[in-house]
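Every read-out reported here was derived from the displayed coordinates using simple, explicitly stated rules and does not represent laboratory data. Because the structure is predicted, anything quoted here is derived from the model rather than measured. Note: ideal-geometry Cβ built from the backbone for every residue, glycine included; neighbour counts use all protein chains shown.
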Amino acid sequence: MSAGLRAALGAELIKVRRAVMLWATLVAFVVASCVGAFFMFVLQDPVRARSLGLLGTKAQLSGGTADWPGYFSLVAQMVAVGGMLLFGMILIWLFGREFADRTAKDLLALPTSRAAVVVAKLVLALLWSLLLTVELVVISLAFGAVLGLDGWSIQVLAHGVGVILATAFLTVLLASTYGLAASWGRGYLAAVATLFVTAITAQIVSAVGYGAWFPWAVPSLMSGVAGPDQASPGAGAVASVVVVGLVACTATVLWWERADHDR
Amino acid sequence: MTRPLISVQGASKRYGALAAVDDVTLQVNVGEVYALLGLNGAGKTTLIRMLLGMVRPTAGRLEVAGHPVAGQSEWGQVGYLVETPSAYPDLTVRENLEVARRLRRLPERSVVDEAVARFGLGQYEGSKARTLSLGNAQRLGLAKAMLHRPRVLVLDEPVNGLDPAGVVEIRELLIGLAREDGVTVLLSSHLLSEVARVATRVGILHRGRLIEEMDSTTLEASTRTRVEVESRHATRAADILRGAGFVVHLVAGGTVVLEGRAVQHPDEVATVLVNGGEPPTRLAVVDEDLEAHFMRLVAEHSPTDGGDR
């Protein structure tokens with residue numbers, strides 16, 4: 001790791017340590033894991049599920065089964081959908097706050113290059129998102145064990161956790177576009193708008209069966225949101241996500257290096 | 001010959017038809033305090049941002065610390081404060097300085113302690129930046145700018161928001177940095193009286209153009225009571241007065257400006273000129289300060305020509 005990147009990461013960690021955002025996202029994923037466990041609890045006992053009324057019906061509609069493969073699939077879906085929002089908010093906050101707090105100008109003429117500052121933010125976003133995913137997985141494993149779900153094996157565990165981590169990684173890659181939007185828009189607004197537009201479009205495109213053609217829908221498809229009988233998105237779809245992520249990261253670095261910082 | 005630490009050659013920045021900075025050339029030598037004066041929108045901040053590599057010039061060449069701004073690798077020698085001071089509101093004063101220390105890649109943690117002490121922030125070092133008054137936020141901004149004891153300081157309105165004691169403190173600090181440590185300072189300010197006290201040279205920007213530069217001697221002449229004389233032949237009048245032992249400046253427009261004993265004895269000035277065969281057509285004791293000088297210059301360069309800005 002270069003000295004510049006190390007310096008920028010150190011500075012970013014000081015900022016994040018004090019941020020409400022860190023604790024808010026940690027709590028959000030604790031809540032998500034509780035919700036996932038509750039769905040499993042409901043699915044385990046259909047009589048109890050029916051007695052819960054609307055919530056029970058919704059649980060059935062998710063198409064889930066109360067076993068470990070079903071539970072891992074549900075957690076992966078939460079990472080794909082909730083992660084897009086939360087990881088996106090992390091990227092938007094990391095970049096947008098520099099404009100909202102008017103501190104961006106303090107990052108522009110330093111011995112630490114602008115590229116190092118941007119890469120540090122992207123690396124931090126990746127680590128932060130993976131930390132949240134690990135938190136979700138660990139708590140979900142604990143809940144699954146308490147519920148005594150069927151279908152446990154090392155293979156199921158490895159496959160389930162592998163899909164969750166891959167989904168998280170693809171989601172973070174796509175979320176980097178919101179960091180670019182926050183930079184280009186010099187604040188939160190444009191990036192939040194981009195987040196909503198892509199999230200809604202992904203839902204619509206997936207619903208009509210073309211999700212594999214829209215990168216922002218691919219993590220959801222990978223997580224199995226379309227159902228266990230649907231094939232995973234192909235290598236081309238996954239590659240499109242990687243390309244979008246890399247282009248967004250590169251464009252963010254170039255924007256910070258070359259744009260006129262006149263505000 | 002001293003080597004300029006800041007050099008601007010024909011720098012321009014255009015936004016469409018608007019020339020924010022228009023063909024500006026200036027140099028700041030080692031140990032100088034160069035002040036940019038100008039009305040709002042004159043182009044001061046754009047020029048400062050160009051010097052810091054934040055805004056790319058449309059034309060021209062800019063160098064800071066002996067290196068071109070484009071592709072600058074010597075930012076470690078430069079400290080800066082641009083426009084309003086900013087800080088991470090959720091971090092304490094000390095944490096904000098710690099962020100700056102890391103980004104400036106300064107290994108010694110003690111620089112933070114020194115900056116806290118130097119800028120009188122000890123009382124607030126544990127306070128979150130969002131709770132600071134404007135004056136203390138300005139101190140924090142200056143502390144960040146000078147944390148690494150730079151060779152070149154670029155400061156946009158450095159005493160903005162400070163109380164009178166703070167203004168004096170910063171003034172003395174800047175003068176000390178320039179005189180004792182040889183730090184080169186480029187600052188912009190709208191506080192003309194402050195500029196007159198601090199700057200060794202002043203550049204007046206108006207509508208993106210540098211319309212006048214003054215060194216400290218001329219600056220001093222512009223801020224003192226002096227005698228202004230006009231006659232039919234200004235050069236000859238100046239020679240006659242010099243011959244009589246007066247301190248004389250011949251300024252643009254053919255006005256002869258006298259200082260020193262001329263201010264106490266304007267009648268003697270008139271007598272010398274009459275006896276020399278060059279009677280004055282106007283003789284006045286004037287209290288023109290820098291502000292008056294500035295406003296006159298701006299008025300002279302504000303034709304309603306519908307041109308740029």
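Summary table
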quantity: Amide proton proximity set for B:Leu187, modelled H, under 5 Å, gap of 5+; calculated: B:Tyr34, B:Ala35, B:Leu36, B:Leu155
quantity: Relative contact order (percent, whole number), chain A, Cα cutoff 8 Å, 6+ residue spacing; calculated: 26
quantity: Shielding by partners, peptide A:97-110 (average Cβ within 10 angstrom, other chains); calculated: 6
quantity: For segment B:236-241, 3J(HN,Hα) per residue [Karplus equation, 6.51 cos²θ - 1.76 cosθ + 1.60, θ = phi - 60°, Hz, x = Gly/Pro]; calculated: 5, 4, 4, 5, 4, 5
quantity: Under 19 Å from the A:Ala239 label point (7 Å along Cα→beta-carbon), backbone N, segment A:182-214; calculated: A:211-214
quantity: Number of partner chain Cβ atoms within 10 Å, mean per residue of B:49-57; calculated: 4
quantity: ³J(HN,Hα) computed for each position of segment B:253-260 - Karplus, 6.51 cos²θ - 1.76 cosθ + 1.60, integer Hz, glycine/proline x; calculated: x, x, 8, 9, 10, 10, 10, x
quantity: Residues of type lysines that A:Lys15 reaches as a straight line, Cα spacing below 30 Å, ignoring anything fewer than 8 places off in the same chain; calculated: A:Lys105, A:Lys121, B:Lys128, B:Lys144
quantity: Cα centroid separation - segment A:107-125 against segment B:14-71, whole Å; calculated: 24
quantity: Nearest-ten-degree value, helix B:134-146 long axis tilted from longest Cα axis of chain B; calculated: 80
quantity: Residue-averaged beta-carbon neighbours from other chains (10 angstrom radius) around B:91-101; calculated: 3
quantity: Straight-distance crosslink candidates among aspartates and glutamates, where the alpha carbon sits under 14 Å from B:Lys13 and sequence neighbours closer than 8 are dropped; calculated: A:Asp260, A:Asp262, B:Asp22, B:Asp23, B:Asp308
quantity: Beta bridge orientation in the protein assembly as shown: antiparallel %, DSSP, nearest 5; calculated: 65
quantity: Sorted by Cβ density within 10 Å, fewest first, the residues B:Tyr34, A:Tyr178, A:Tyr188; calculated: A:Tyr188, B:Tyr34, A:Tyr178
quantity: Karplus 3J(HN,Hα) series, Hz, for segment B:81-92 with 6.51 cos²θ - 1.76 cosθ + 1.60 (x for Gly, Pro); calculated: 9, 10, 6, 5, x, 10, 7, 6, x, 7, 9, 6
quantity: Estimated 222 nm signal from helices in the protein assembly as shown, with DSSP H stretches of n ≥ 4 weighted -39500 (n - 2.57), rounded to 500; calculated: -17500 deg cm²/dmol
